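**Student:** This is the structure I want to talk about, given as structure tokens.
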Amino acid sequence: MEGLTLVRPFCCSNASAVSPPRARPFLHPLRLHQLPMACLLPPSSRVRSVGSVVCSTSNDQLSQSVEADSRDWAMQDFYSLRREVETASARVEDIRASAGLQQLEKELAHWEVKASDASFWDDRAKAHQTLLALTDVKDKIRLLSDFKTQVEEAETIVMLTEEMDSKDRGLLEEAASIIKELNKALDRFELTELLSGPYDKEGAVVNITAGAGGTDAQDWADMLLRMYVRWGEKQRYKTRVVEKSMGEEAGIKSATLEVEGRYAYGYLSGEKGTHRIVRQSPFNAKGLRQTSFSGVEVMPLLPEESLNVEIPEEDLEISFSRAGGKGGQNVNKVETAVRITHIPSGVTVRCTEERSQLANKIKALSRLKAKLLVIAEEQRASEIKQIRGDAVKAEWGQQIRNYVFHPYKLVKDVRTGYETSDITSVMDGELDPFIKTYLKYKYSMSMSANEVGQ
Amino acid sequence: MKPSLRPSFTRPWPCIASNFSTFFFQLPTPLTHARNITQIRHRHIHSSPSPPPPPQLASSPPPLLPLFLRPPEYTTTVSDLLEWHSWAKSLAASIGSSFEDSDNGPDSTLLCRELNWLMEDVLDGSDPSLMHKAVARDDPDTIISLKADVQELYSLWKQRIDERRPFQYIVGCQHWRDLILCVREGVLIPRPETEIIVELVGDVISKDEGLREGLWADLGTGSGAIAIGIAKILGNYGRVIATDLNPVAVQVASFNVERYSLQDKIEVREGSWWEPLKGVEGKVAGLVSNPPYIPSDDISGLQAEVGRHEPRLALDGGAEGMDDLLHLCNGAASMLKPGGFFAFETNGEKQCKFLVDYMQNQLPGSFCNVNTVSDFAGILRFVTGFRNR
């Protein structure tokens, strides 16, 4: 692709002082119909087609020096626009593929057959549901085809511009605005697709527990805590370390972080698992390479009213930590921790951050409910009592990510294979690529599972 | 029912509004004074029934408003506050387990937790986030408002560590159930175990309307914790009399009652055990108490926060620790109406079993369904039962 012609500024109508005027290139007739009206009009009298805003970008009053500046600027502008269009195009392809367009069309046919059935309206409630599902699928298919149309429009403009000798600023601006809107729409689509779990839009409670490995593991848990706090701050979420149990020498034994904000749970839920570090431990006198683990557990931060789950009292084992000794008037310690175990599933929560035992008990109970709801969701159980305890046992058993500081630098997610060598940024909360890759991975897994299921 | 943030100070704390900016520079005073009073009173209750010395409230103890209720009228820079915080933290860390080893006191972890709560109380509402932002922006000169002077924070934390002054007296409050109760020297700090008494009452009134609508009495109310807890679960029904021999406790309990706007429901009366209940004999639906129950000989070996700072009057139950409990058991039958409920906290195990046996064998026919209830740690802690119908 010859990029030389791009050196010209967008506003070219009065560019004769800089370069001689050239004839407008011949537009391929096949492309003509795809182009907005705007490009068929002479540049100086152009009226923007989109929004019909008068936008005469060809500024005849520009002095030569400004024009010389804007030439460089325009070239870079075009390059970045072209890159954006390419990225958006790839993204649209990705989304259309992962959304399973064929699958959706099958689904649509399926619902349409149902809706045309003679007995369709016999069960009104069911009919209503079917119609809702039908509209949902239709909307989705329409959105997906809209994405394609839009990105193609932008691509055409870019291609056209490359073929033309002169750059049409208005046209390129239009492409830029298409891409901008498209990206927003894609973001929204992805978000609703990837974060469509029932609790995804809630806040999150992140529990970090140091694994075996002594001080090194406790320091590692502290590093992870910092990483999530930084991530939360970058997302402009409200983060609060509500509980922290310090390690003997350094680091933490455990900590609980509350992250408030929309979709915090959706993003963080994939962080659940064991995180492994390999490094030359600063706590190891010989400076030997050491491996440590920390567990991360994530629960949604559910508003009290959504926790309308009744758990029979006999299923709960509630223990309160007491300072030991004779208790009662003999002791005065701010030890108000409460631990609740759901006996059938073995799920346990502990709450220490509140200043009274009752407050801790209430909080622990709502955390337990949130946790059970999530497990029920994961196991596709319709009720808490259907939760299979055996499947819950390995709470953060699965190792999800390796952080290698030595002998080379690498952070690698073992589920998605995503990796980066910029470990400093990751530890500084740059987790988005990992989170997004995982969400996509999870989404495609669930899509293929659906296909198998149908 | 939420406590109002601006309680009326006029009645129980007459001189708060005018005095409180000056009094907290004389912190040690209330402590020594309160202890004098309680010791005098203590001798009184366990020896002769001679009239108590006149209360000396006019000159002292100065009313201390809990930190969290004070206006945020001090300012400091984030760096000064953080400097204090890291000093306090390292002081706490230096304790290790030495308090725990010597008298089952708090270890570093618990002290750090207290320090966080102290920060919570001294910072004004939205300020914690302001502080984090300042740290994130690396802007240590950001000004934040505080409810105490940084110098006072140094002296408070020194008192906490060096003198083992209880954390709850430092901040002037104790979080108990869903309540924040003001406490100070002279008043027993309500314990987590005692929260169970309110649960027990809750169970009883949910099964018996008559008890719910009746008159309840909390004897030796201290900060008013149990009385307020019960008044809240009674809802629109019933009423509560809270009594205490110690005028400081009466004052603090009244303050707490007003803070929760329960003055129409709870009447705080001064006097020893049955004395303030004259006139309601045989009419009480429920009787609860967390009386002093620690044997006198054990007092000297208590955790320093308790033994050195909390009122002996509220702890010392005589030679076996049973003087007041037995006094309560003996009088309960004539005070309760038929079917009335009682719950007493004890020193645990031995005392519980002894009381059950005592009530069944020494006071035959007075009570039914006499039971023991364990606390969180699994120690038999409470004795409960009903007056025979």
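The values are calculated or read from the model by the stated rules, or taken from the named source; none is laboratory data. Here the structure is a predicted model, which means the values were calculated and not measured. Backbone-built Cβ (ideal geometry, glycine too); neighbour counts: all protein chains shown. Please note that ligands, DNA and RNA were not included when accessible areas were found on the heavy atoms of the full protein model with its side chains. Shrake-Rupley method; radii C 1.70, N 1.55, O 1.52, S 1.80 Å.
**Student:** Mind checking A:351-358 for the average number of partner chain beta-carbons within 10 Å of each residue's beta-carbon?
**Tutor:** That works out to 6 on average.
**Student:** Same structure again: Which pairs in the list A:Lys126/A:Lys201; A:Lys114/A:Lys138; A:Lys333/B:Lys265 are over 22 Å apart, alpha-carbon to alpha-carbon?
**Tutor:** Working: A:Lys126/A:Lys201 28 Å; A:Lys114/A:Lys138 15 Å; A:Lys333/B:Lys265 31 Å.
Where the Cα-Cα span goes over 22 Å, the pairs concerned are A:Lys126/A:Lys201; A:Lys333/B:Lys265.
**Student:** Just to check I understand the Karplus step: with θ = phi - 60° and J = 6.51 cos²θ - 1.76 cosθ + 1.60, what whole-Hz values come out for the stretch B:218-223, glycine and proline as x?
**Tutor:** Those phi angles translate into 10, 9, x, 6, x, 6 Hz.
**Student:** Does any residue of the stretch A:328-348 lose at least 10 Å² of accessible area with all protein chains in place compared with its chain alone, and if so which ones (probe 1.4 Å)?
**Tutor:** A:Gly328, A:Gln329, A:Asn330, A:Val331, A:Asn332, A:Lys333, A:Val334, A:Glu335, A:Thr336
**Student:** Using θ = phi - 60° and the Karplus form 6.51 cos²θ - 1.76 cosθ + 1.60, what ³J(HN,Hα) does each residue of the stretch B:195-209 get, whole Hz, x for Gly and Pro?
**Tutor:** 3, 5, 4, 5, 4, 4, 5, x, 4, 5, 6, 6, 9, 9, 4
**Student:** In addition: For an R0 of 56 angstrom, estimate the FRET efficiency from the Cβ-Cβ distance between B:Ile161 and A:Gln102 and round to the nearest 0.05.
**Tutor:** With R0 = 56 Å, the Cβ-Cβ based efficiency is 0.20.
**Student:** Identify, among A:Leu171, A:Gly214, A:Val229, the residue whose Cα sits farthest towards the positive end of the charge dipole of the stretch A:159-235, taking +1 on the Cβ of Lys and Arg and -1 on the Cβ of Asp and Glu, with the dipole about the Cα centre.
**Tutor:** A:Gly214
**Student:** At B:Cys368 and A:Ile141, where each label point lies 7 Å from the Cα along Cα→Cβ, what is the point-to-point distance in nanometres?
**Tutor:** Once both label points are built, they end up 7.5 nm from each other.
**Student:** Let me ask something else. Net charge within 9 Å of B:Ala242 by Cβ-Cβ distance, Lys/Arg positive one each and Asp/Glu negative one each, not counting B:Ala242 itself?
**Tutor:** Residues near B:Ala242 contribute -2 overall.
**Student:** Follow-up. Summed for both chains, how many Å² of accessible area, to the nearest 100, are buried between B and A with a 1.4 Å probe?
**Tutor:** 3000 Å²
**Student:** Taking the simple approach of a point 7 Å from Cα along Cα-to-Cβ for both B:Asp297 and B:Ser97, what is their distance in nm?
**Tutor:** 2.9 nm
**Student:** Could you please put A:Cys351, B:Cys112 in sequence from largest to smallest accessible area, using a 1.4 Å probe?
**Tutor:** B:Cys112, A:Cys351
**Student:** Now, a different point. In nm, give the distance between the simple-model label positions of A:Asn308 and A:Glu377, each being 7 Å from the Cα along the Cα-to-Cβ direction.
**Tutor:** Roughly 1.8 nm, to one decimal.
**Student:** Moving to a separate point now. Using protein chains only and a probe of 1.4 angstrom, how many square angstrom of B:Asp107 are accessible, to the nearest 10?
**Tutor:** 40 Å²
**Student:** Turning to a different aspect of this structure: Tell me, what % of the accessible area of the stretch B:132-266 is carbon and sulfur with a 1.4 angstrom probe?
**Tutor:** Carbon-and-sulfur percentage of accessible area, whole number: 46.
**Student:** On to the next question. Mean separation of Cα pairs under 8 Å and 6+ residues apart, divided by the residue count of the stretch B:66-176: what relative contact order is that in percent?
**Tutor:** The value is 43 percent.
**Student:** Report, by chain and number, residues whose modeled amide H sits under 5 Å from the one on B:Gly317, excluding near sequence neighbours (fewer than 5 apart, same chain).
**Tutor:** B:Tyr293, B:Ile294, B:Ser296
**Student:** At a probe size of 1.4 Å, how large is the accessible area of B:His327, to the nearest 10 Å²?
**Tutor:** 80 Å²
**Student:** Quote the FRET efficiency, to the nearest 0.05, computed for A:Arg289 versus B:Lys278 with a Förster distance R0 of 56 Å and r equal to the Cβ-Cβ distance.
**Tutor:** 0.10
**Student:** Separate question: Please list, in order along the stretch A:415-430, the HN-Hα scalar couplings obtained from phi with the Karplus expression 6.51 cos²θ - 1.76 cosθ + 1.60 (θ = phi - 60°), rounded to whole Hz, x for Gly and Pro.
**Tutor:** Per-residue couplings from phi come out as 7, 9, x, 5, 8, 8, 9, 7, 5, 4, 5, 4, 5, 8, x, 7 Hz.
**Student:** Suppose every Lys and Arg Cβ carries +1 and every Asp and Glu Cβ carries -1, with no other charges. What dipole size does the stretch A:252-336 come out with about its Cα centre, to the nearest 20 debye?
**Tutor:** 1100 debye
**Student:** Also, quick follow-up: Under a 1.4 Å probe, what is the accessible area of the stretch B:174-264 per residue, stated in Å²?
**Tutor:** Values: 2310 Å² over 91 residues.
Here the residues of the stretch B:174-264 average 25 Å² of exposed surface.
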